[in-house]
Amino acid sequence: MLNTNYLSFIYSFLLSLAFLLLMHTSRHTFATMMLTLGADLYTVSKLLGHANVKTTQIYAKIVDSKKVEAVNLVDSVFD
């Protein structure tokens, strides 16, 4: 039979994991949103606290792929 301390440990661990996942998702959403709205890469990098701009370039690739998708929508109109 499981004791209360063990269940409490599992609950605390899962709660901590959920919190870390929420924070990561929030930062990712914030960075992508800022770049989509036109903020420059350096500013977003500093807002996120990144020491190197290369770390923030991951989010810029997401925004670039969205631009390509938008242009492809226009191309399909003329086919």
Requested in this report: Return yes when residue 5 is modelled with pLDDT of 90 or more and either within 17 Å of the chain's Cα centre (by Cα) or of a type outside the set (D, E, K, R) (or both) and no when it is not.
Outcome: no
Query - Conditions (1) basic (Lys, Arg); (2) free of Cβ contacts under 8 Å to residues at least 12 places away in the same chain; (3) in contact with a helix residue (DSSP H, G or I) (Cβ under 9 Å, 6 or more places away or on another chain); number of the one not met by residue 61 - result: (3)
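Under the condition of being among the small types (Gly, Ala, Ser) and within 11 Å of the chain's Cα centre (by Cα), which residue from region 21-42 is farthest from residue 59 (Cα to Cα)? Can you show your working first?
Quick first cut of region 21-42, residues among the small types (Gly, Ala, Ser) only: 26, 31, 38-39.
With within 11 Å of the chain's Cα centre (by Cα) added as a condition, the list becomes 26, 31.
Details: 26: 13, 31: 7 Å.
Going through the qualifying residues, I end up with 26.
Is one or more of the residues making up region 53-71 in a loop (DSSP other than H, G, I, E, B) and not hydrophobic (A, V, I, L, M, F, W, C)?
Of region 53-71, the ones in a loop (DSSP other than H, G, I, E, B) are none.
No, that holds for no residue.
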**Report entry** Inter-residue pairs, beta-carbon under 7 Å, first touching a residue at least 24 places away in the same chain (Cβ under 8 Å) and in region 8-31, second surrounded by 10 or more Cβ atoms within 10 Å (Cβ to Cβ) and assigned to a helix (DSSP H, G or I), 6+ apart
**Finding:** 31/44; 31/48; 31/56; 31/59
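If you go through region 24-59, how many residues are of a type in the set (Gly, Ala, Ser), surrounded by fewer than 12 Cβ atoms within 10 Å (Cβ to Cβ) and at pLDDT 90 or above? Give the steps one after another, and end with the answer.
Step one: filter region 24-59 for residues of a type in the set (Gly, Ala, Ser), giving 26, 31, 38-39, 45, 49, 51.
With the extra rule that they be surrounded by fewer than 12 Cβ atoms within 10 Å (Cβ to Cβ), the set shrinks to 26, 38, 49, 51.
The next check asks that each one be at pLDDT 90 or above; those that pass are 26, 49, 51.
Counting residues in region 24-59 that are of a type in the set (Gly, Ala, Ser), surrounded by fewer than 12 Cβ atoms within 10 Å (Cβ to Cβ) and at pLDDT 90 or above gives 3.
The values are calculated or read from the model by the stated rules, or taken from the named source; none is laboratory data. This is a predicted model, so every value here is computed, not measured. Counting neighbours? That spans all protein chains shown, and the Cβs are built from the backbone with ideal geometry, glycine included.
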